[in-house]
Amino acid sequence: MIFVTVGSRNYPFNRLFIELDKLCEEGVIKDKIFAQIGTSTYHPKHFEYKDFISPEEFEEKVNQSNFVISHGASGSIMKALNAGKKVIAVTRLEKYKEHINDHQIQNNEAFGTNGYVLPVFEMHELKEAIIKIQTEKDNLKKWENKDPMAILNRIDDFIQENWK
């Protein structure tokens, strides 16, 4: 099962769910999908979804999943990594009114550069990321949460060094 999560902020992420439906129709995605779609107004046709789920259901879905597709929020990404899951992190972009700014670009670059997630910056990259995560065994570093602040510090360092 693939678990998809986009958080609870008041910004729809319709592009992601439209693309996932398209990839299901094309046969790229054969696995069952469960999605937490938040305030998105597009309703998926090829998989089960709920607008919002409880923290307990979130944890259950993460644990049941083969991998997680998350928006580029560090909280959602960290919950999946802490559960030992591989993650595709899809960037919400301001130009599509998916967020107030483009900070998820920096989040996904930092996680991706460090080898913890497969970042997706534009929707046409999602197909390749899904194929890669399903077919390559060791394409991501295993996250070990020895220091809960370590990744946040790495992200902050990366942003400070690259976005002055």
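The values are calculated or read from the model by the stated rules, or taken from the named source; none is laboratory data. Keep in mind it's a predicted model, so treat the numbers as computed, not measured. Every residue, glycine among them, receives a Cβ derived from its backbone with ideal geometry; neighbour counts consider all protein chains shown. With ligands, DNA and RNA removed, areas are computed over all heavy atoms of the protein, side chains included. Shrake-Rupley method; radii C 1.70, N 1.55, O 1.52, S 1.80 Å.
Could you name every one of the strands (runs of 3 or more DSSP E) located completely within the range 12-88 that has at least 1 residues being open to solvent by 40 Å² or more (accessible area, probe 1.4 Å) and more than 21 Å from TYR116 (Cβ to Cβ)?
48-50
I need the full set of residues from the range 96-123 which are more than 21 Å from ASP21 (Cβ to Cβ), at pLDDT 90 or above and open to solvent by 40 Å² or more (accessible area, probe 1.4 Å), in order please.
Hits for the range 96-123 are GLU109, THR113, PRO119.
State which residue pairs qualify: first residue closer than 13 Å to GLY115 by Cβ and inside the range 141-159, second residue open to solvent by less than 50 Å² (accessible area, probe 1.4 Å) and modelled with pLDDT under 70 in any location, beta carbons under 8 Å apart, and separation of 6 or more residues or different chains.
Qualifying pairs under 8 Å: TRP143/ILE151.
Pairs under 7 Å by beta carbon, first residue closer than 23 Å to GLU128 by Cβ and touching a residue at least 24 places away in the same chain (Cβ under 8 Å) in the range 72-92, partner among the hydrophobic types (A, V, I, L, M, F, W, C) and assigned to a loop (DSSP other than H, G, I, E, B), six or more apart or different chains?
Correct list of pairs: ILE77/VAL117; LEU81/TRP143; LYS86/LEU140; VAL87/VAL117; ILE88/VAL117; ALA89/VAL117; THR91/PHE121; ARG92/PHE13.
For the range 124-133, name all the residues that are open to solvent by 10 Å² or more (accessible area, probe 1.4 Å), closer than 17 Å to PHE67 by Cα and touching a helix residue (DSSP H, G or I) at 6+ places or on another chain (Cβ under 9 Å).
Matches in the range 124-133: LYS127 only.
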